Amino acid sequence: MTEVTNELMHEILKDLQSRADRHETLLRDIAHGQLRLREDLHNFHGDSLRLEAQVAALTVRLDRIESRLSIAET
């Protein structure tokens, strides 16, 4: 069996620290990716709201035009 020495423990701890650092980096990348997705969803929602506002404004204008021309459906 292998004798447990300070050098062996030091190597094992260095390896564990290296793995922990890689996992931390991966988690940070995942969190950054999630943030970008949330920002994209927020932007899509904003675009949708702007389109709804434009459609509503055009509907109001069309109703006003139809009313002035007396062609509105009743």
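Rule-based calculations on the coordinates, nothing more; no lab input. Owing to the predicted nature of the structure, the values given are computational and were not obtained by experimental measurement. Please note: Cβ atoms are built from the backbone with ideal geometry, for glycine as well, and neighbour counts cover all protein chains shown.
Couple of notes before you dig in:
For (1) small (Gly, Ala, Ser); (2) assigned to a helix (DSSP H, G or I), each residue gets a yes or a no:
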{"position": "3", "(1), (2)": "no, no"}
{"position": "9", "(1), (2)": "no, yes"}
{"position": "20", "(1), (2)": "yes, yes"}
{"position": "24", "(1), (2)": "no, yes"}
{"position": "27", "(1), (2)": "no, yes"}
{"position": "33", "(1), (2)": "yes, yes"}
{"position": "41", "(1), (2)": "no, yes"}
{"position": "48", "(1), (2)": "yes, yes"}
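- For beta carbons closer than 7 Å, sequence separation of 6+ or different chains, a first residue in the range 10-27 that is surrounded by 10 or more Cβ atoms within 10 Å (Cβ to Cβ) and a second that is of a type in the set (A, V, I, L, M) and in a helix (DSSP H, G or I), there are no qualifying pairs.
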